[in-house]
Number of protein chains: 2
Amino acid sequence: MSETFEVDEALWMKRRDEFLKRMREDLEIGYLDHDIVDVLEAISSMPGLYTQSSCSGRITLVDALMPWEREGATVVFKKHSTVTVEEIEYVATQPASSRLWLVVTGPIIHVSALSLRHADEILRLAREAGMKHSGILSMSKKGIIVELTSGVRVAHLLKDGETWVTPPEKLPDLVRVANEALLEGKARLDRLREVLGIGRR
Amino acid sequence: MSETFEVDEALWMKRRDEFLKRMREDLEIGYLDHDIVDVLEAISSMPGLYTQSSCSGRITLVDALMPWEREGATVVFKKHSTVTVEEIEYVATQPASSRLWLVVTGPIIHVSALSLRHADEILRLAREAGMKHSGILSMSKKGIIVELTSGVRVAHLLKDGETWVTPPEKLPDLVRVANEALLEGKARLDRLREVLGIGRR
């Protein structure tokens with residue numbers, strides 16, 4: 001079954017310029033996660049590709065019934081580098097309104113591609129770098145949206161209301177493993193740097 | 001930028017027949033997860049679509065350094081329905097060779113589509129059912145592989161070696177929340193049934 005799919009190239013170029021301008025502004029203001037700027041720039045310098053949003057990987061404490069919720073969830077702590085037991089214990093000791101989850105996520109990058117060929121190119125590089133959960137999220141006139149992501153994820157129930165499911169005296173063990181998970185995510189980003197030809201930072 | 005993408009229809013039909021035959025065999029032997037058979041049949045009866053592999057959602061105990069690992073990981077417990085504190089405690093009390101993770105996953109279905117139009121159709125239905133992490137994993141002559149999945153996931157560090165990060169007396173809290181997460185995954189599957197027009201089981 002043959003079929004034609006077409007992104008509106010003029011619209012795509014216009015949006016590309018807007019996103020690149022916003023990225024430069026975010027970088028100046030300090031909004032942009034510095035661990036990932038070189039990767040975004042390398043992808044956006046490839047033909048037919050630009051990056052829309054990204055995260056280099058992080059450790060969060062989320063006050064929510066379930067760790068995947070957006071509505072009704074509050075991120076009470078967020079850091080893009082390794083954490084200390086004291087940081088986690090200090091925040092976790094405050095009363096939570098629901099449950100408290102310690103969540104570690106790996107790098108996530110959203111890329112807009114001008115064509116299926118361009119989408120396929122960045123997908124192959126991502127898989128080569130071990131970001132095996134990558135895929136195409138949507139396709140429209142505005143562009144083909146590709147998500148680059150790995151399976152790196154921990155979602156640990158720390159407290160249920162005032163009950164510590166992992167007691168404070170076990171936090172050193174949990175924090176050590178959470179940091180290890182974070183660094184494994186950052187290592188995938190380093191592998192992506194290598195396959196993009198920009199080397200490690 | 002206009003481009004043509006083409007799945008080999010004869011090859012796709014041949015593979016479709018093979019997968020449907022295997023599904024019927026798995027069903028007879030009892031390999032197939034009964035919670036999801038009606039959904040697979042409904043998708044495979046749609047034009048240009050058949051299902052390849054699936055899971056209705058499950059709770060596992062995984063002996064591994066990290067919960068996303070495949071190599072070097074051992075699934076020591078697996079159940080596609082709610083679990084009891086006794087089941088988890090019995091397995092968790094056995095010595096683990098590495099770390100022990102309690103993992104809850106929502107439903108996952110891999111669908112092969114004959115064309116981008118067919119892929120888009122099942123993706124829209126999945127999103128409507130709250131399976132918002134769905135996307136296209138790959139595209140080749142053999143078919144367009146679509147993964148239907150949700151963000152429903154818990155990956156909880158239960159033991160690090162012989163150290164209980166969540167002590168046995170807190171297992172009732174953890175198991176209650178894990179069952180709740182599993183049932184939220186099954187609810188997404190029910191919503192998929194509704195949008196597929198097959199109603200709840």
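Return the residue satisfying two criteria in turn: it lies in segment A:114-145 and is among the hydroxyl-bearing types (Ser, Thr, Tyr) and assigned to a loop (DSSP other than H, G, I, E, B), and of such residues it is nearest to the other protein chains (Cβ to nearest Cβ). For segment A:114-145, the residue satisfying everything is A:SER115. Does B:ALA92 meet the test of being in a helix (DSSP H, G or I), out of contact with any Gly (no Cβ under 8 Å at 6 or more places or on another chain) and under 25 Å from A:THR166 (Cα atoms)? Criteria met by B:ALA92.
Say whether the condition of being out of contact with any helix residue (DSSP H, G or I) (no Cβ under 6 Å at 6 or more places or on another chain), under 21 Å from A:ARG58 (Cα atoms) and at the interface with chain B (Cβ under 9 Å from one of its Cβ atoms) is met by at least one residue in segment A:91-101. Yes. The single residue among B:VAL75, B:VAL85 that is in contact with a strand residue (DSSP E or B) (Cβ under 7 Å, 6 or more places away or on another chain), modelled with pLDDT of 95 or more and of a type outside the set (Ser, Thr, Tyr) turns out to be B:VAL75. Kindly evaluate B:GLY151 against the criterion of being out of contact with any strand residue (DSSP E or B) (no Cβ under 9 Å at 6 or more places or on another chain), surrounded by 15 or more Cβ atoms within 10 Å (Cβ to Cβ) and within 30 Å of B:GLU41 (Cα to Cα). Yes, satisfied. Taking the criterion of being without any contact (Cβ under 8 Å) to a residue 24 or more places away in the chain and touching a helix residue (DSSP H, G or I) at 6+ places or on another chain (Cβ under 6 Å), the only residue of segment B:4-51 that qualifies is B:LEU32. Evaluate the following for B:VAL111: is it in a strand (DSSP E or B), closer than 30 Å to A:ARG127 by Cα, within 18 Å of the chain's Cα centre (by Cα) and within 8 Å of chain A (Cβ to nearest Cβ)? In short, no.
Residue-wise test of (1) surrounded by fewer than 21 Cβ atoms within 10 Å (Cβ to Cβ); (2) modelled with pLDDT of 95 or more; (3) farther than 23 Å from B:VAL83 by Cβ.
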site	(1), (2), (3)
B:ALA113	no, yes, yes
B:LYS141	yes, no, yes
B:ILE144	no, yes, yes
B:HIS156	no, yes, no
B:ASP160	yes, yes, no
B:GLU169	yes, yes, no
B:PRO172	yes, yes, no
B:ALA178	no, yes, no
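A:SER45 - would you say it is within 17 Å of the chain's Cα centre (by Cα), of a type in the set (Ser, Thr, Tyr) and on the phi < 0 side of the Ramachandran plot? When the stated conditions are applied, A:SER45 does not pass them.
Restricting B:VAL175, B:VAL152 to residues that are facing another protein chain (nearest Cβ under 8 Å), farther than 16 Å from B:ARG117 by Cα and touching a helix residue (DSSP H, G or I) at 6+ places or on another chain (Cβ under 8 Å) narrows the list to B:VAL152.
Is it the case that segment A:55-72 has a residue that's among the polar types (S, T, N, Q) and surrounded by 21 or more Cβ atoms within 10 Å (Cβ to Cβ)? Checked segment A:55-72: at least one residue is among the polar types (S, T, N, Q) and surrounded by 21 or more Cβ atoms within 10 Å (Cβ to Cβ).
The set of residues in segment A:146-163 that are part of a strand (DSSP E or B), farther than 21 Å from A:ARG191 by Cα and touching a residue at least 12 places away in the same chain (Cβ under 8 Å) comprises A:ALA155, A:HIS156, A:LEU157, A:LEU158, A:LYS159, A:ASP160. Within segment A:1-45, the residues that satisfy the criterion of being outside any helix (DSSP H, G or I) and either more than 22 Å from A:LYS141 (Cα to Cα) or acidic (Asp, Glu) (or both) are A:GLU3, A:GLU6, A:ASP8, A:GLY30, A:TYR31, A:LEU32, A:ASP33, A:HIS34, A:ASP35, A:ILE36. Within segment A:46-86, the set of residues being assigned to a loop (DSSP other than H, G, I, E, B) and more than 14 Å from chain B (Cβ to nearest Cβ) comprises A:MET46, A:SER56, A:HIS80, A:SER81, A:THR82, A:VAL83, A:THR84. The single condition among (1) in contact (Cβ under 8 Å) with a residue 24 or more places away in the chain; (2) among the basic types (Lys, Arg); (3) surrounded by 15 or more Cβ atoms within 10 Å (Cβ to Cβ) that A:ARG117 does not meet is (3). The test for being within 11 Å of chain A (Cβ to nearest Cβ) and surrounded by fewer than 18 Cβ atoms within 10 Å (Cβ to Cβ) does not hold for B:GLU184.
Scanning segment B:124-138 for residues that are out of contact with any Leu (no Cβ under 7 Å at 6 or more places or on another chain) and over 15 Å from B:SER53 (Cβ atoms) returns B:ARG124, B:ARG127, B:GLU128, B:GLY130, B:LYS132, B:HIS133, B:ILE136.
Only one of the numbered conditions (1) crowded, with 19+ Cβ neighbours inside 10 Å; (2) more than 8 Å from every other protein chain (Cβ to nearest Cβ); (3) at pLDDT below 95 is not met by B:VAL104, and that is (3).
The values are calculated or read from the model by the stated rules, or taken from the named source; none is laboratory data. This is a predicted model, so every value here is computed, not measured. Positions of Cβ are generated from backbone atoms using ideal geometry, with glycine treated the same way; all protein chains shown enter the neighbour counts.
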